[in-house]
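The next block holds one structure in the form of structure tokens; read it before the comments.
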Amino acid sequence: MPSATPSPAWDGRRPATGTEPGATALLGWLTDPDAPRLCLVTGAPGSGKTALLGWLAAHGPRSGRTRRRPARVLVPLAGQSVLGAAWTVADRLGVVAGTPGDLVDALATSEARPTGRAVLLLTDLHAAAEPDALARLVTELAGVGRVRLVVEARDDTPALAALRADRRVALVDLDGDPAPLDAPTEPARPLPDLSDPAAVCAADPLLVTTAYVTGSAPAGVPGTLDGPEPSGRPGETTAEDHGGLRTAWMRAGQSLCRAQPPAERALVLLAALGDGADPRLRPALADLAAAAPWRLRWARHRGDLTPPWPGPVTVLGAAGGPLEGTLLVGDRTGTVRLLHETDASSAGRLAHTVPGRIAALAPAPDGTVLILDDRGRLHTVRGTAPRPPYLERLTEAVSATLARHPGTALAAIAGSVVVGDRLGSVHAFGLTGLHQTASHSGRVTAVAAVESATPFVCSGGADGTVRLWTPGRDPRPEPLAERPSPVVSLHAAETPRGSLVAAAWADGLVELHRPEGGPKLSFRPGPPVRAVAVTGSGSLLVGTDESLLCLAAKR
């Protein structure tokens with residue numbers, strides 16, 4: 001696989017000898033707002049193309065200047081499949097993408113935007129495993145206003161010719177006096193046994209992705225992929241799925257391709273394994289994941305039969321009181337399924353008549369479930385026990401308020417209903433009155449409330465922050481968490497280990513925090529996270545379009 005490492009004589013501070021004109025041209029292209037979004041860097045072997053892109057990735061403002069520049073993301077394409085490259089780019093730009101098409105859509109619609117227009121620097125297109133497919137992805141990405149692209153390839157590459165013919169592009173040609181800076185080609189690295197979980201977890205994840213996508217495997221290794229080339233979509237039936245490892249890898253691929261210890265990669269792979277996988281894989285992966293900070297309690301995926309997959313997750317709730325030990329799982333259609341916390345087996349459905357999508361669920365301690373619909377209106381599903389009149393009056397008052405001023409987030413504890421709004425404020429309606437705080441810049445995306453010795457509210461926003469607040473007091477000045485991505489879900493609970501707060505962001509990261517202090521734990525399942533919840537026993541629930549996972553922290 002070609003290396004992106006230039007010769008030792010190059011110090012990285014200046015363009016390599018012989019590439020100075022190309023460096024000047026690239027900087028001019030970057031600063032020209034009318035220039036094409038796609039720039040092609042060409043040249044013969046040894047002309048310094050890869051070194052030039054490496055210099056551009058590291059090149060910053062002159063000493064003493066503090067001006068922030070757009071993100072520059074260097075992604076080597078040598079040996080890469082289009083799927084692996086899409087996962088790498090998505091991760092570096094803070095979005096989640098299961099397929100190349102998902103990447104284009106995510107970059108076109110994502111709320112999280114870096115400073116300026118991000119620049120993708122893609123090297124060695126000529127050495128990619130799927131150069132034509134990657135060229136098509138480059139063309140689609142060039143049509144997204146959020147990114148600009150620099151693509152490096154040798155002159156005689158068919159994929160490069162297709163890019164030049166497809167649209168208006170800028171061209172930097174390094175042909176001339178060669179500057180021998182491209183490192184010599186490395187010998188091809190041996191592929192791991194794609195049916196061996198230990199080998200797969202320890203290998204280069206992009207190499208594994210390419211092997212699973214293209215159907216290549218070591219000669220003479222049992223389980224070599226045969227038949228037509230697979231598309232790389234999760235759940236696709238192929239001639240050989242390596243006992244279920246391939247399907248699990250495709251389901252969680254973006255997370256698996258991140259730099260991480262083999263034990264954490266094994267945990268992610270274990271959490272993505274379907275119930276039809278080779279029964280020997282689960283204990284093997286559990287052993288490999290022994291050093292990871294989480295223990296997988298159970299996982300349910302699309303296609304599982306024992307017990308059946310509960311369906312896509314849009315909202316989650318962990319009930320207490322009369323529904324203790326019951327999970328509430330809402331889908332896109334507005335259906336809310338009840339599951340047993342122990343194994344996600346069915347416990348029936350919530351009897352409600354809310355039309356359309358459910359934006360939030362808030363199980364109250366008396367068995368009542370409050371629902372916020374996608375128009376920001378409140379609905380009440382009463383439990384079997386009669387409600388005290390004062391709680392009925394409180395709920396009616398909140399419902400009347402939301403009919404005039406729609407909410408964006410909802411939570412409930414004994415004697416209090418908490419609502420977030422699109423302007424960044426959090427409102428706590430209680431028996432003693434209304435308390436409010438302006439917590440976020442932009443829309444409040446999630447709220448949670450905890451009934452503890454000192455009850456508190458936590459809120460998450462489109463601004464990427466998670467904040468704590470005790471109604472009637474000033475909010476904490478520093479956020480509990482802050483990241484450059486919108487918060488998509490939030491939940492908190494009082495557990496035997498104290499109060500726990502789970503938060504999920506739009507870039508696929510889930511974190512578990514202890515407000516009283518202590519280490520935070522993180523997990524990335526791979527697909528976009530739609531909802532999280534913390535159970536009364538302290539377990540973490542993570543819901544996606546295709547999976548529902550239950551994890552327990554080891555510390």
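Observations, loosely collected:
- Failed item in (1) more than 30 Å from Gly48 (Cβ to Cβ); (2) of a type in the set (A, V, I, L, M); (3) at pLDDT 85 or above; (4) surrounded by fewer than 24 Cβ atoms within 10 Å (Cβ to Cβ), with Leu225 passing the rest: (3)
- Residues of segment 261-282 classified as of a type outside the set (A, V, I, L, M, F, W, C) and in contact (Cβ under 8 Å) with a residue 40 or more places away in the chain, total: 2
- The residues of segment 228-243 that are open to solvent by less than 10 Å² (accessible area, probe 1.4 Å) and modelled with pLDDT of 90 or more amount to a single one, His242.
- Set side by side, the residues Ala359, Ala318 differ, and just one is hydrophobic (A, V, I, L, M, F, W, C), in contact with a Pro (Cβ under 8 Å, 6 or more places away or on another chain), open to solvent by 20 Å² or more (accessible area, probe 1.4 Å) and closer than 24 Å to Ala449 by Cα, which is Ala318.
- Test: residue in segment 291-309 that is small (Gly, Ala, Ser), in contact with a helix residue (DSSP H, G or I) (Cβ under 7 Å, 6 or more places away or on another chain) and open to solvent by 30 Å² or more (accessible area, probe 1.4 Å): yes
- Leading residue by the ranking (farthest from Trp505 (Cα to Cα)) among those in segment 426-444 that are polar (S, T, N, Q) and open to solvent by 30 Å² or more (accessible area, probe 1.4 Å): Thr432
- Residue in segment 445-466 that is farther than 30 Å from Asp105 by Cβ, of a type in the set (S, T, N, Q), open to solvent by less than 30 Å² (accessible area, probe 1.4 Å) and assigned to a strand (DSSP E or B) present: no
- For segment 126-165, the candidate set comprises residues that are outside any loop (DSSP other than H, G, I, E, B) and acidic (Asp, Glu); within that set, the residue that is surrounded by the fewest Cβ atoms within 10 Å (Cβ to Cβ) is Asp132.
- Gly334 falls short on exactly one of the conditions (1) modelled with pLDDT under 85; (2) in contact with a Leu (Cβ under 6 Å, 6 or more places away or on another chain), and that condition is (2).
- Single residue of segment 108-125 satisfying the filter (at pLDDT below 90 and part of a helix (DSSP H, G or I)) that is most open to solvent (accessible area, probe 1.4 Å): Thr109
- Of all residues in segment 380-400, those satisfying the criterion of being assigned to a helix (DSSP H, G or I) and either among the hydrophobic types (A, V, I, L, M, F, W, C) or over 15 Å from Pro363 (Cβ atoms) (or both) are Pro389, Tyr390, Leu391, Glu392, Arg393, Leu394, Glu396, Ala397, Val398, Ser399, Ala400.
The values are calculated or read from the model by the stated rules, or taken from the named source; none is laboratory data. Predicted model, so just to flag it, every value in this text is computed and none were measured. Positions of Cβ are backbone-derived with ideal geometry, glycine not excepted, and every protein chain shown enters the neighbour counts. Heads up: the accessible areas ignore ligands, DNA and RNA and are worked out on the full protein's heavy atoms, side chains in. Shrake-Rupley method; radii C 1.70, N 1.55, O 1.52, S 1.80 Å.
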